[in-house]
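Let me begin by presenting the structure, written as structure tokens, before commenting on it.
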Amino acid sequence: MLKLSFRYDQTSARLEVDGLPDISLGHSEETIGIISSWTLQLVGSPELSGKRVHLESMMAAVLPYARHRLSGVKRAFGDEHQPVSISPNESGHKLLLRSSQKGVKPLTVHLDDAELTDLVRCLDALRLDIRVKVSWQIPSYRPLHHKDIADRVPFARRFTAALIGISAFVSVAAIGLLIPIPEGSDLSPIEARLTMPTRKL
């Protein structure tokens, strides 16, 4: 059976996936249903390679991370128990890859915004390629949590509208208290103001 190889190119990233059709599912000879290996080349970094589980882990970390960054939320994805994790740093983004082989130290790749964009485009191109019929085990897109959105709004801006409203109410109430009450009235100050005659023009 002929091995298939599909490549996805961007300016600073190149992702190549090798695999075979899954005959048990009736795939055509030009369809990858079983991923045997993959390689990723990032400008200025060593070539990365691995199995399907590592590629899925990269998708599960990088894609939601990029989505949150587009919404202004700085949050790390992936933990020390997963093959791939990504987090923000001062110079951009830190991609950490952990090998499944013993004795191999984790590899750190630093990405700027353009390189992260190219990586996301390569992963999306693979994920949406109709020639690759693989059920990716990655989290589905969900709306951002209210806490994530609230945390990116400065504390002062969150309460500005409320403070302006309270200040306006207090100011109007203070001005109302300065209006003189007619002498000899048995009404309370509030009732007197409510029953004051109006002048027609």
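Looking at the range 46-56 only, could you name the residues that are surrounded by 15 or more Cβ atoms within 10 Å (Cβ to Cβ) and in contact with a Leu (Cβ under 9 Å, 6 or more places away or on another chain)?
First, pick out the residues of the range 46-56 that are surrounded by 15 or more Cβ atoms within 10 Å (Cβ to Cβ): 48, 50, 52, 54-56.
Matches in the range 46-56: LEU48, GLY50, HIS54, LEU55.
Which one of the conditions (1) farther than 20 Å from TYR8 by Cβ; (2) within 18 Å of the chain's Cα centre (by Cα); (3) surrounded by fewer than 12 Cβ atoms within 10 Å (Cβ to Cβ) does ASP113 fail to meet, given that it meets all the rest?
Of everything listed in (1) farther than 20 Å from TYR8 by Cβ; (2) within 18 Å of the chain's Cα centre (by Cα); (3) surrounded by fewer than 12 Cβ atoms within 10 Å (Cβ to Cβ), ASP113 misses just condition (1).
Look at the range 21-53 and say how many of its residues are outside any loop (DSSP other than H, G, I, E, B) and of a type outside the set (Gly, Ala, Ser). Before you say what the answer is, go through the steps one by one.
Of the residues in the range 21-53, the ones outside any loop (DSSP other than H, G, I, E, B) are 23-25, 32, 34-42, 48-50, 52-53.
Narrowing the set further to residues that are of a type outside the set (Gly, Ala, Ser) leaves 23, 25, 32, 34-35, 38-42, 48, 52-53.
Total meeting the criteria: 13.
Go through the range 12-41 and count every residue that is buried (at least 16 other Cβ atoms within 10 Å of the Cβ), polar (S, T, N, Q) and either modelled with pLDDT under 90 or closer than 14 Å to ASP129 by Cβ (or both).
Total satisfying the criteria: 1.
Can you find a residue that is at pLDDT 95 or above and of a type in the set (Phe, Trp, Tyr) anywhere in the range 52-65?
no
If we scan the range 123-131, do we find a residue that is touching a helix residue (DSSP H, G or I) at 6+ places or on another chain (Cβ under 6 Å), surrounded by 10 or more Cβ atoms within 10 Å (Cβ to Cβ), aliphatic (A, V, I, L, M) and at pLDDT 80 or above?
Step one: filter the range 123-131 for residues touching a helix residue (DSSP H, G or I) at 6+ places or on another chain (Cβ under 6 Å), giving 123.
With the extra rule that they be surrounded by 10 or more Cβ atoms within 10 Å (Cβ to Cβ), the set shrinks to 123.
When the remaining residues are screened for being aliphatic (A, V, I, L, M), the result is 123.
From what's left, at pLDDT 80 or above: 123.
Yes.
Residue by residue through the range 77-95, note down the ones that are over 17 Å from HIS54 (Cβ atoms) and either touching a residue at least 40 places away in the same chain (Cβ under 8 Å) or surrounded by 15 or more Cβ atoms within 10 Å (Cβ to Cβ) (or both). Break it down stepwise before answering.
Going residue by residue through the range 77-95, those that are over 17 Å from HIS54 (Cβ atoms) are 87-94.
Correct list: SER87, PRO88, HIS93, LYS94.
With the checklist (1) surrounded by fewer than 13 Cβ atoms within 10 Å (Cβ to Cβ); (2) over 16 Å from the mean Cα position of the chain (by Cα) in hand, flag the one item LEU70 doesn't pass.
Condition (2) is where LEU70 drops out.
The values are calculated or read from the model by the stated rules, or taken from the named source; none is laboratory data. The shown structure was predicted, so the numbers you read here are calculated from the model rather than taken from an experiment. With ideal geometry, Cβ positions are generated from the backbone for all residues, glycine too; neighbour counts draw on all protein chains shown.
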